[in-house]
Amino acid sequence: MILTTDHQLLTATMKIRLKNQKKNTTCLRFDVSSDTTEYRIEVANGSEALRAVAEERDRDLLWAEVKTVMLDAAQKQLPTQRNKHKNIWISEDTLELADKKRNCKLTGNKEGYAICIIEERGTKEYTKRQKQTYQHAF
């Protein structure tokens with residue numbers, strides 16, 4: 001029995017390019033040199049509550065709870081540590097303005113972002129002068 005059709009076999013070669021995904025996690029660094037007693041008290045209270053139920057819980061679940069207690073206490077009580085910049089001629093005011101501008105952009109605050117851009121125009125010239133005086137000092 002011979003079947004005739006007008007269909008032809010088709011072969012194809014395809015390439016798939018996967019899109020890179022960016023990680024949105026940032027490492028929080030806390031300034032432990034300014035350790036406060038409130039932080040110690042809050043961690044101690046949280047750890048005492050966990051000790052009471054430690055025997056009933058799984059090890060991994062208990063670790064996750066300890067981690068959340070410590071991070072929550074640190075976020076409430078300890079200040080975050082600023083990264084040390086290689087450009088030492090940049091003043092703290094300029095770095096604070098850059099942080100303010102970044103936060104306005106991330107939160108979608110268009111009015112605050114526009115104000116930061118206007119303020120930044122003057123600080124760019126100031127930073128250039130600071131850099132030149134720093135370079136001429138050496």
Review point. Taking amide hydrogens as modeled 1.01 Å from N in the peptide plane, which residues meet the under 5 Å criterion relative to Phe30, leaving out close sequence neighbours?
Key: Gln81
Check your understanding: With a Cα-only, solvent-free Debye model of the stretch 32-81, what are the log10 I(q)/I(0) values at q = 0.20 Å⁻¹?
Key -> -0.67
Check your understanding: What's the long-distance tail for the stretch 42-120, i.e. % of Cα pairs beyond 16 Å?
Key -> 67
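What number, rounded to the nearest 500 deg cm²/dmol, is the helix-based mean residue ellipticity at 222 nm of the chain, given -39500 (n - 2.57) per DSSP H run of at least four residues and division by all its residues? Intermediate values should be presented prior to the final figure.
Numbers: 4 runs with 79 residues, N = 138.
That comes out to -19500 deg cm²/dmol.
Viscosity 1.567 mPa s, temperature 4 °C: give me the Stokes-Einstein translational D for the chain in µm²/s, with Rh taken as the Kirkwood radius over C-alpha pairs.
D, rounded to a whole number, is 60 µm²/s.
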Study note, to complete from the structure: Along the dipole axis of the chain (charges at Cβ: +1 for Lys and Arg, -1 for Asp and Glu; origin at the Cα centre), the most positive-end residue among Thr68, Ala52, Ala137 is Ala137
Review point. Would you list Asp31, Asp6 from fewest to most Cβ contacts within 10 Å?
Key: Asp6, Asp31
Review point. log₁₀ I(q)/I(0) of the stretch 83-138 at q = 0.14, 0.21, 0.28 Å⁻¹, via Debye over equal Cα point scatterers, no solvent, to two decimals?
Key: -0.43, -0.80, -1.08
Review point. If you place +1 on the Cβ of every Lys and Arg, -1 on the Cβ of every Asp and Glu, and leave all else neutral, what size is the dipole of the chain about its Cα centre, to the nearest 20 Debye?
Key: 1040
Exercise for review: Could you work out how far helix 110-137 tilts from the main Cα principal axis of the chain, as a 0 to 90 degree angle to the nearest 10?
Suggested key: 70
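Every number here is computed from the coordinates shown, using simple stated rules; none is lab data. Computed from a prediction, not measured in an experiment: that's the story for all the values here. Cβ: placed from backbone, ideal geometry, glycine included. Neighbour counts: every protein chain shown.
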